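This report refers to the structure that appears directly beneath it.
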Amino acid sequence: SNNQQAPAAAASTLAEGAALPIAYVNTDSLLTNYDMAKDLNEELIKKTEDARANLNSQAASLEKEMNEFNRKLQTNAFLSEERAQSEANRLQNKQNQLEQLNYKLQNDLAQEQAQMNARLSDTIQAVLKEYNEVKKFELILSNTMHDNILLDNEKYDITGELLEILNTRYSKSK
């Protein structure tokens, strides 16, 4: 039938050695070498390390207080059972607050990571659209660790060109 002959006919009209109107971008390579992605990633790593240091410091402080509480408990250093219970409640509240802070920090960092990814994606998409107005590809594929393209011809790889445009624009915007 006609529908099955159309792709074969279209393929046979391509001259020998002519390039198909497609391209691909090695996404992992792009993100590893895109200066904006590097900077945003370093920012996120620093925030993560700062959050972890803050949390570890508070956890160490709590642990000291709990050890002191246990020592006092064992040596009957509390004036009354109510006083001991009050201190136990205070420490439990402090531990709960620390767990809530941990959850909040993890959530904040995950949101920040999502915003960073969206910003990178938007920037790359915008440059890609502009780039394609000139290059006129019918299809541009994303390839990550050979997940989408199992075998390729390097002439269809536009990662280097795209990276050059992205880094040039990013360095001008700094």
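Inspect all residues belonging to region 65-76 and state whether any of them is closer than 30 Å to K104 by Cα, modelled with pLDDT of 95 or more, of a type in the set (D, E, K, R) and in a helix (DSSP H, G or I). Yes, region 65-76 contains at least one residue that is closer than 30 Å to K104 by Cα, modelled with pLDDT of 95 or more, of a type in the set (D, E, K, R) and in a helix (DSSP H, G or I). All of (1) outside any helix (DSSP H, G or I); (2) in contact with a Phe, Trp or Tyr (Cβ under 8 Å, 6 or more places away or on another chain) hold for L120 with one exception: (1). Only a single item in (1) exposed (fewer than 12 other Cβ atoms within 10 Å of the Cβ); (2) over 27 Å from the mean Cα position of the chain (by Cα); (3) at pLDDT 95 or above is not met by A8, and it is number (3). Inspect region 31-39 for any residue being out of contact with any Asp or Glu (no Cβ under 7 Å at 6 or more places or on another chain), open to solvent by less than 90 Å² (accessible area, probe 1.4 Å), assigned to a loop (DSSP other than H, G, I, E, B) and at pLDDT 95 or above and give the result as yes or no. Yes, because at least one residue in region 31-39 is out of contact with any Asp or Glu (no Cβ under 7 Å at 6 or more places or on another chain), open to solvent by less than 90 Å² (accessible area, probe 1.4 Å), assigned to a loop (DSSP other than H, G, I, E, B) and at pLDDT 95 or above. Among the candidates A60, A53, single out the residue that is within 28 Å of the chain's Cα centre (by Cα), at pLDDT 95 or above and among the small types (G, A, S). A53 is the lone residue from the list that is within 28 Å of the chain's Cα centre (by Cα), at pLDDT 95 or above and among the small types (G, A, S).
Whenever a residue of region 73-95 is under 22 Å from L55 (Cβ atoms), its partners that are at pLDDT 95 or above, lying with C-beta atoms within less than 7 angstrom and at least six residues away or across chains, give the pairs L91/E65; L91/M66; L91/F69; K94/L62; Q95/L62.
When restricted to residues that are of a type outside the set (S, T, N, Q), free of Cβ contacts under 8 Å to residues at least 24 places away in the same chain and open to solvent by less than 80 Å² (accessible area, probe 1.4 Å), region 55-72 contains 4. Does Q97 meet the test of being closer than 30 Å to L44 by Cβ, assigned to a helix (DSSP H, G or I) and open to solvent by 70 Å² or more (accessible area, probe 1.4 Å)? In short, yes.
The values are calculated or read from the model by the stated rules, or taken from the named source; none is laboratory data. Quick caveat, the model's predicted, so the values are computed rather than measured. All Cβ positions, glycine included, derive from the backbone under ideal geometry; neighbour counts span all protein chains shown. Accessible surface areas use protein heavy atoms only, side chains included; no ligands, DNA or RNA. Shrake-Rupley method; radii C 1.70, N 1.55, O 1.52, S 1.80 Å.
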